[in-house]
Every structure is written in structure tokens, then in C-alpha cells.
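Asks: What follows is a structure written as C-alpha cells; I'll ask about it next.
Nothing in this text is a laboratory measurement; each read-out follows from the coordinates by a stated rule. Here the structure is a predicted model, which is why all the values come from computation and not from measurement. Neighbour counts are summed over all protein chains in view; Cβ atoms, including those assigned to glycine, are modelled from backbone coordinates with ideal geometry.
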Amino acid sequence: MKTNYEQKAKLFAYKAHDGVLRKDGVTPYIEHPKAVVGILRSVGIQDDVILSAAWLHDVVEDCDVSLETVRKEFGDSVANLVDGMTQRNDKNESDEEYHNRIISNNNDVRTIKLADVLHNMRSITSIPKKECRVKVYNSMRNSWTDYKVFAHEVCSDLSEMIEEAYQKASKQLEV
């Protein structure tokens, strides 16, 4: 059951992602945070702060929402998790720097990141252009290689689901 706090985050995420589509050009972007929250619930996560941050995990990076707005609306705990998940494009943070920051972050951020990776891996085959699918797959493979170092420790169920999704995607994409 969603709490009022999580419900507020859900509504905020729906508004922030309104009109935005995923890389397949068809799926509303909000389906991604919705799926991430569903994955977290499926492995027993019920923490209001974690689920709220999962709804909001891409709003700073991909929408016209500042971290200060998230902090004002949802408090330090949620904002700190969202900040941990946000790649700092304004500081030209490289993928490697971002991955190292995720690896060194707390288990709440890493758990949300694993659910994020799982949903991205599961949905990769819906990207229409094969060259784009392969490019995204290769990037995700690199991420998964980095995150394997903590995945089993943080949530063995998520780790196993990601490995299965990775194997399935590699067979479907023939890479």
C-alpha cells in the first residue's frame, strides 16, 4: 500500500515526466520509474523514502527539476537518494566517475540503481533501431560489470534477476 508520501512522489514524477517518451519513441517515460518501484516492491522493499526516491530518481537528470526542488518538496532523505542516482551532467561527470560514485554510495542508492539497471535491461529490446539497441546494451553491460561488485551483497534477488535479464538480452540481440 502506498503511503501519502510515496503518493506525492508518484504524482510529482508523473507531472515531471509528462509528455516525455523512452528511447523506443513510444513508451511514456513514467513507465520506467513506475517499473523501478514495482521491482523494488517485488523484492520486499517497503521503505517510504526509498520508494519515493525511486519514483523521482530521474527527475533531476532528465527533467526541468532541480535537486533543491526535490529537497524542498520531499526532504533531505529523499533528495540525498535522488542526488546519489543523478549523473552530474552540469559537471561533465563521465560514466566511469558516475559508476564509481554509485559503487561507493550507500545501499539504498545502490538498491535503487540495481532496480533501474534491471528495468533498463528488460526493456532494451523495445528500442526500434538495432544499432541503438546494441549501443545501449554495450553501455549497460559496462554498467553491470561495475555494479556486480556490490549487487549480490546489496540484494541477491536483484542481482540474479539482472544476470538473467542480461543473458536474455544478449541472446535476443545476438551480441
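Asks: How much length, in nm to one decimal, is gained on full extension between ASP62 and GLN167, taken as 0.36 nm per residue of separation minus their Cα-Cα distance?
Replies: Extending this stretch completely gives an extra 35.0 nm.
Asks: Which residues does the label zone of TYR5 cover in the stretch 28-57, counting backbone N under 16 Å from a point 7 Å along Cα→Cβ?
Replies: Within reach of a label on TYR5, which here means backbone N under 16 Å from a point 7 Å along Cα→Cβ, the stretch 28-57 contributes 45-57.
Asks: Just to confirm the filter: which GluC sites (Glu not before Pro) across the stretch 125-175 are DSSP coil and have at most 12 other Cβ within 10 angstrom of their Cβ?
Replies: Passing sites in the stretch 125-175 are GLU174.
Asks: Could you state the orientation-averaged shadow area of the convex hull built on the Cα atoms of the chain, in nm² to one decimal? Mind showing how you got there, number by number?
Replies: Working: hull surface 38.3 nm².
Hull-based average projected area comes out at 9.6 nm².
Asks: Shifting gears a bit: Quick one: which of LYS8/LYS135; LYS91/LYS113; LYS130/LYS171 span more than 25 angstrom between C-alpha atoms?
Replies: LYS8/LYS135
Asks: Only sites in a loop by DSSP and with at most 10 other Cβ atoms within 10 Å count here; which GluC sites (Glu not before Pro) in the stretch 19-79 make the cut?
Replies: Sites meeting the loop and neighbour criteria: none at all.
Asks: Ignoring everything except DSSP H segments at least 4 long, calculate the 222 nm mean residue ellipticity for the chain; use -39,500 (n - 2.57) per segment, divide by total residues, nearest 500.
Replies: The per-residue figure over the chain is -23000 deg cm²/dmol.
Asks: Let me ask another. Figure the gain on full extension for SER42 and TYR14 (residue separation times 0.36 nm, minus the Cα-Cα span) and round it to one decimal in nm.
Replies: Values: separation 28, 0.36 × 28 = 10.08 nm, distance 2.12 nm.
8.0 nm is the gain from fully extending SER42 to TYR14.
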